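First up is the structure itself, then whatever we jot down about it.
Please treat every number below as a calculation from the coordinates, not as lab data. Please read these numbers as outputs of a predicted model, since none were measured by experiment. Heads up, the Cβs are rebuilt from the backbone with ideal geometry, glycines too, and the neighbour counts pull from every protein chain shown.
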Amino acid sequence: MNVVAPQRSFVRAEQVDALPPPRTASGPVLWMRENLFSGPINTVVTLVMAWVLFWTIPPIIDYLIGSAVWTGSDGSACREDTTGREVGACWAFVIDRINYFVYGSYPMELRWRPNIFFLVLAVGIVWMLWLDAPKRGIGAIYFFIVVPLLSYWLLAGFPMIGLEEVPTGLWGGILVTIVVSAVGIVVSLPFGVLLALGRRSHLPIVRLVCVIVIEFTRGVPLITVLFMANTMLPLFLAEGVTVDRLVRPLIGVAFFASAYMAEVIRGGLQAIPKGQYEGAMSLGLSYPKMMYFIILPQALRIVIPGIVNTFIGLFKDTTLVSIVGIFDLIRTVESARVDPVWSAPSVNYSGYAFAAIFYFLCCWGMSWYSQSVERRLAASEKR
Amino acid sequence: MADTTSLEKPQVKTSQASETEIAVEMQGVHKWYGEFHVLRDINLRVMRGERIVVCGPSGSGKSTMIRCINRLEEHQKGRIIVDGIELTNDLKRIDEIRRDVGMVFQHFNLFPHLTILENCTLAPIWVKKMPKKDAEEVAMKYLTRVKIPEQAHKYPGQLSGGQQQRVAIARSLCMNPKIMLFDEPTSALDPEMVKEVLDTMVSLAEEGMTMMVVTHEMGFARQVADRVIFMDYGQIVEMNEPEAFFSNPQHERTKLFLGQILH
Ligand SMILES: Nc1ncnc2c1ncn2[C@@H]1O[C@H](COP(=O)(O)OP(=O)(O)OP(=O)(O)O)[C@@H](O)[C@H]1O
Ligand SMILES: [Mg+2]
C-alpha cells in the first residue's frame, strides 16, 4: 500500500462552488422495492399483511356499503328472509331513527333550539381551535362565558324571553353526549389550571386541598364518581333542594375531567424554566400577571397534545352516563334497536356501527388537530 | 476579617452623603441555603450613579448577593434598603422595589412566546399602566439605543445571543429603572458577541445609571467601575477602586484570584 504522509499545512487556492445535491432515483417501483421488499423477512411480512388485508377489508366494505340496505321503513327491509339476499348494515334503520339519535325525545317542534346550540358551539370551537383566528381573546370569552349561558337558555329554556322549558329528561342522543363532553371540557380547563397552580402553591392548606381533590378524583373510577354524584350529591344539599338528574353526572364528569386536566397542566408548568419566573418577577409582574402573561401561555402550549388526549378520553367516557339513566347516544341506540318495528339481526350491529363511526370521526378529528398543532409548534421552535 | 481597613475606606468617603443619594444599602446581611451559609455579614453601600463590579470564584455568592437586592432571594439576617425602601416580607414594597430595579441575567430570560416588542412593552403596560402606544414608543426608543430596532417584530429565538442580551437590557430600561443589576451578562455569549453587549453597558454607565455588575470582564471593570468588589466564601473580601484593586491587591485570595484570571 502506498502510505502518504499527512499534509501539514494547507491553504485553499480556489473557492468550491455550491452544487445541487446528488439526484436520488424515485418512482413507485423503486419505493416498493426499498420499503416493502428490501429483504426476505420484509418480503414475507409484506405478503402476510397483504393477505390479511385482502381477507378483511373487502368484507367490511361489502358489509358497510355493498350489501347495505339504505331504504325501508321497518325491519323487514333488513331481514334475509324477506329480502331474499344477504344483508349487510341496515342504514335504513339509522336513517329512520336519526332524529332520535341526535335529539333523543326533545320535543319535535322545538328542535330548532338544539340546532342553534350546535351552531353556537361550532362557532366557539372553531374560534378557539383556529390558532390564527382574529380576536382570539374575545373568542375565549365567547367560548367560556357566552356559549355556556346561551346553551343553557336555548336547551333548558328561558320562559322570560319566550323559550319554554324543556325538562332534561327529554334530552338525549348526540345532543346529550355533546352537552356532557362540552361541560367537561369547558369546566376542566380553567379548573384544571387552578388545581394545578394550587398543587404547586407555597401555601400548605391550598396545596393540601388541591392534592386531595386531584388524587381522590383520579383514584376512583368514573363510574364511582357518577354514582356518587347521583346518590350522594342530594345528601349534601339542604332539604328540599333537588339537583337536576342531568346536572348530577355533569358535576361528576366535570370533577373527573378537572383532576386529569390538572395533572396534564402541571406537567407543562414543570417544564417552564426558572428563568422565566425570574425574568417576570424582576420586571415587577405580580403573581397573577406573571402566570397569565408568561407562564401559562407557554405551559399550555407545551401540553396541547396532552390536553387533547384528555378530551378524547373524556369524550368517550361520557358514554358511562347512560349507567345513571341519562339517554346519551349509546343509550338511544340501545333503546331504538329493541323496537319491535325494526326487529332484524343486522339492526343491532348497524346501530352500534353508527355510534362507532360517530365516536371515531370525532376522536380522529381531535387527534388530527392535536397533531397539526404539534407540527406547527415544532416548526415555530426552529425559528 | 483581615482586611476591614480596605473595607472602611470608601464608606468613610460616602458617609457624609445625604440619605437620598444612597441607592442600595446592605447592613450585616446573612443568608443560608438550609445549613449552608452563603452570604456572611455583607456590608455595602452603593451611591446613586455609582458603578460597582463584583467578581470572585464560582460559588462565592455573587449571584446570591445581587439577587437579594430585588428579592429573587430572601435574606435571613441584616437589612437591605433599596432606594430608601427596606426589603421586608411586605409584597407591596417588594413590587415597588422590583419596578425600580432592572435585572439582566446570564441566560437573558426573554419570553420566547412574545415578540421583542411585546417583551419590552409587557411590564410597562401591565405594571406601570402605561398606554400601549406610549409603551411601544418607549420600547422602540430603547431598542434603537441598543441598536436593534429592526428586530422588534421577531421572536427571541430568531436572534443571536448578543442581540437577545441587548433586548434584555432594553426590556429592563423600558421600566425606567433607577438601578440596574447584571448577573454575568456576557458569560453565556460567544466571544464575538461579548463586545456588543459590553458596549451597550458602557454607554449606559456613561449616562450615569447606577449599576451593579457581576462579571469577569476585567477590561470592563477597569473602564467603567467606580469600585470593584471581590467576594469569596460568601464574604466581601476586598473592595477598592479599579486602579488600586488590579495593580495592588491586598488580600492573599484576591491576589490568587487575579493571578488566575489575568494573564
Ligand atoms: N437554591 C439553592 N439552594 C442551595 N444552594 C444554592 C442555591 N443557589 C445557590 N446555591 C449555592 O450557593 C452558593 C453560591 O451560589 P451563587 O450562585 O451565588 O454563586 P456565584 O458566586 O454566583 O457563582 P457563579 O460564578 O458560578 O455564578 C453556591 O455554592 C451554590 O451551590
Ligand atoms: Mg452566579
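Across peptide A:269-280, what mean number of C-beta atoms from other chains lies inside 10 Å of a residue's C-beta?
Going residue by residue through A:269-280 and averaging, the value is 4.
Ignore the peptide's own chain and count Cβ atoms of other chains within 10 Å of each Cβ in B:149-157; give me the average, rounded.
Details: counts 0, 0, 0, 0, 0, 1, 2, 1, 4.
Going residue by residue through B:149-157 and averaging, the value is 1.
Given a cut-off of under 8 Å on Cα pairs at least six residues apart, what relative contact order in percent is computed for region B:69-153? Could you put the intermediate results ahead of the total?
Numbers: 50 pairs, mean separation 16.8, N = 85.
Dividing the mean separation by the residue count of region B:69-153 yields 20 percent.
When the Karplus curve 6.51 cos²θ - 1.76 cosθ + 1.60 is applied with θ = phi - 60°, which whole-Hz ³J(HN,Hα) does each residue of region A:293-299 get, with x for Gly and Pro?
8, 10, 7, 4, x, 6, 5
Averaging over every viewing direction, what projected area does the convex hull of the Cα atoms of chain B cover, in nm²?
14.3 nm²
Enter the mean projected area of the convex hull around the alpha-carbon atoms of region A:1-138, in nm², rounded to one decimal.
24.3 nm²
Choose one of A:Val69, A:Val166, A:Asn309: the residue whose Cα lies farthest towards the positive end of the charge dipole of chain A (beta-carbon charges +1 Lys, Arg; -1 Asp, Glu; about the Cα centre).
A:Asn309
Net charge near B:Val202: determine it from the other residues with C-beta under 12 Å of the C-beta of B:Val202, scoring Lys and Arg +1 and Asp and Glu -1. Show your work: numbers first, answer last.
Numbers: positive: B:Arg51, B:Lys195, B:Arg222; negative: B:Glu196, B:Asp199, B:Glu206, B:Glu207, B:Glu217.
Overall, the nearby charge balance is -2.
Looking at the square roots a ≥ b ≥ c of the eigenvalues of the Cα gyration tensor of region B:78-135, which shape do they give, rounded for a/c under 1.5, prolate if a/b is larger than b/c, or oblate? Spell out each step's value before the answer.
Values: a/c = 2.96, a/b = 1.65, b/c = 1.80.
Because a/c hits 1.5 or more and a/b fails to exceed b/c, region B:78-135 counts as oblate.
Given R₀ = 51 Å, FRET efficiency for B:Val202-A:Val206 by Cβ-Cβ distance, to 0.05?
Using R0 = 51 Å, I get an efficiency of 0.60.
Taking the Cα atoms of region B:93-171 alone, what are Rg (to one decimal) and Dmax (as a whole number) in Å?
When restricted to Cα atoms, region B:93-171 yields Rg and Dmax of 12.1, 37 Å.
Once you put a point 7 Å from the Cα of A:Ile138 and another 7 Å from the Cα of A:Phe54, both along the Cβ direction, what distance in nm separates them?
Computed distance between label sites A:Ile138 and A:Phe54 equals 6.0 nm.
Given H placed 1.01 Å from N in the peptide plane, which residues other than close sequence neighbours of A:Val243 have an amide H under 5 Å from its amide H?
Under 5 Å from the amide H of A:Val243 lies no amide H from a residue far enough along the sequence or on another chain.
When only DSSP loop residues count, what chymotrypsin sites (Phe, Trp or Tyr not before Pro) in region A:99-131 have their Cβ near at most 13 other Cβ atoms within 10 Å?
A:Trp130
How long are the three semi-axes of the equivalent ellipsoid of region A:231-308, in whole Å, if each is the root of 5 times an eigenvalue of the C-alpha gyration tensor, listed from largest down?
Working: eigenvalues 279, 51, 14 Å².
Equivalent ellipsoid semi-axes, largest first: 37, 16, 9 Å.
Identify unpaired cysteines across chain A, taking unpaired to mean no other cysteine Cβ lies under 4.7 Å from the residue's Cβ.
Unpaired cysteines in chain A: A:Cys210, A:Cys362, A:Cys363.
Jot down the per residue volume, in cubic angstrom and as a whole number, of the convex hull over the alpha-carbon atoms of chain A.
Once divided by residue count, the hull of chain A is 312 Å³.
Among A:Val253, A:Leu131, A:Val347, whose Cα sits farthest toward the positive end of the charge dipole of chain A (+1 at Cβ of Lys/Arg, -1 at Cβ of Asp/Glu, about the Cα centre)?
Checked the options; the winner is A:Leu131.
List the residues whose amide H sits under 5 Å from the amide H of B:Glu217, counting only those 5 or more places along or on another chain, with H placed 1.01 Å from N in the peptide plane.
none
Can you give the angle from 0 to 90° between the axis of helix B:191-206 and the longest principal axis of chain B, with both taken from C-alpha atoms, to the nearest 10?
For helix B:191-206, the angle is close to 80 degrees.
Divide, for region A:228-383, the radius of gyration over alpha carbons by 2.2 N^0.38 Å, where N is the residue count. Intermediate values should be presented prior to the final figure.
Values: Rg = 22.0 Å, N = 156, 2.2 N^0.38 = 15.0 Å.
Computed over Cα atoms of region A:228-383, the ratio equals 1.47.
If you fit an axis through the alpha-carbon atoms of helix B:252-261 and take the longest principal axis of the Cα set of chain B, what angle between them do you get, 0 to 90°, nearest 10?
Approximately 40 degrees, to the nearest 10.
Rounded to whole Hz and in sequence order, give me ³J(HN,Hα) for region B:124-133 from the Karplus expression 6.51 cos²θ - 1.76 cosθ + 1.60, θ = phi - 60°, writing x for Gly and Pro.
Karplus-based 3J(HN,Hα) across region B:124-133 equals x, 6, 9, 9, 8, 6, 7, x, 4, 4 Hz.
With charges only on Cβ, +1 for K and R and -1 for D and E, what is the dipole size of region A:98-169 about its Cα centre, in debye, rounded to 20?
Details: 4 positive and 4 negative charges, 43 e Å.
Using Cβ point charges on Lys, Arg, Asp and Glu, region A:98-169 gives about 200 debye.
Where both residues lie in the protein assembly as shown, what percent of DSSP beta bridges are antiparallel, nearest 5?
Numbers: 22 of 41 bridges.
Antiparallel bridges: around 55 percent, rounded to the nearest 5.
Report, in deg cm²/dmol and to the nearest 500, the calculated mean residue ellipticity at 222 nm for chain B, where each DSSP H run with n ≥ 4 adds -39500 (n - 2.57) and the sum is divided by the residue count.
-12000 deg cm²/dmol
Between A:Ile272 and A:Leu170, what length in nm is gained on full extension when 0.36 nm per residue of separation is reduced by their alpha carbon distance?
Numbers: separation 102, 0.36 × 102 = 36.72 nm, distance 4.70 nm.
Additional length available on full extension: 32.0 nm.
Report the local net charge at A:Leu283: Lys and Arg +1, Asp and Glu -1, summed over other residues whose C-beta lies under 9 Å from its C-beta.
+3
Residues in region A:70-93, backbone N under 15 Å from the label point at A:Ala356 (7 Å along the Cα-to-beta-carbon vector): list them, ranges by number please.
A:88-91
Answer with one residue from A:Thr332, A:Pro148, B:Pro242: the one whose Cα lies farthest towards the positive end of the charge dipole of the protein assembly as shown, charges on Cβ with Lys, Arg +1 and Asp, Glu -1.
Farthest along the dipole direction, towards plus: B:Pro242.
So who's got an amide H within less than 5 Å of the one on B:Phe182, skipping anything under 5 residues away but keeping other chains? H placed 1.01 Å off N, in plane.
Answer set, sorted by chain and number: B:Val104, B:Met212, B:Val213, B:Val214.
As a test of the definition: which semi-axes, in Å, follow for region B:111-263 when you take the square root of five times each eigenvalue of its alpha carbon gyration tensor? Largest first, please.
Equivalent ellipsoid of region B:111-263: 34, 16, 13 Å, largest first.
Roughly how many debye, to the nearest 20, is the charge dipole of the protein assembly as shown about its Cα centre, given +1 on each Lys and Arg Cβ, -1 on each Asp and Glu Cβ, and no other charges?
Computed charge dipole of the protein assembly as shown: roughly 300 debye.
How many Cβ atoms of partner chains, on average, are near each residue of B:107-119 if near means within 10 Å of its Cβ?
Mean shielding count: 4.
Would you calculate the separation in nanometres between label points at A:Trp368 and A:Ile95, each defined as 7 Å from the Cα along the Cα-to-beta-carbon direction?
2.5 nm
Please give the direction-averaged projected area of the C-alpha convex hull for the protein assembly as shown, in square nanometres with one decimal.
47.9 nm²
List residues of region A:328-344, by number, whose backbone nitrogen lies under 20 Å from a label position 7 Å along Cα→C-beta of A:Glu80.
A:342-344
Which order do the peptides A:222-232, A:166-176 come out in when sorted by mean C-beta neighbours inside 10 angstrom, highest first?
Final packing ranking: A:166-176, A:222-232.
Determine ³J(HN,Hα), in whole Hz, for all residues of region A:204-210 in sequence, where each value follows from phi through the Karplus function 6.51 cos²θ - 1.76 cosθ + 1.60 and θ = phi - 60°; x replaces Gly and Pro.
x, 5, 4, 4, 4, 4, 5
Magnitude of the Cβ-charge dipole of region A:253-383, K/R +1 and D/E -1, about the Cα centre, nearest 20 debye?
Working: 11 positive and 8 negative charges, 109 e Å.
Magnitude of the dipole: close to 520 debye.
Run the numbers for A:Thr71 and A:Glu334: contour at 0.36 nm per residue of separation, minus the present Cα-Cα distance, in nm.
Length difference between fully extended and current span is 92.6 nm.
Expected output is a single nm value to one decimal: the length gained when fully extending between A:Thr224 and A:Leu194, i.e. 0.36 nm times separation in residues minus the C-alpha distance. What is it?
8.4 nm
Can you bin region A:1-56 into rounded, prolate or oblate? Criterion: square roots of the alpha carbon gyration tensor eigenvalues sorted a ≥ b ≥ c, rounded for a/c under 1.5, prolate for a/b above b/c, oblate for the rest.
Verdict is prolate for region A:1-56.
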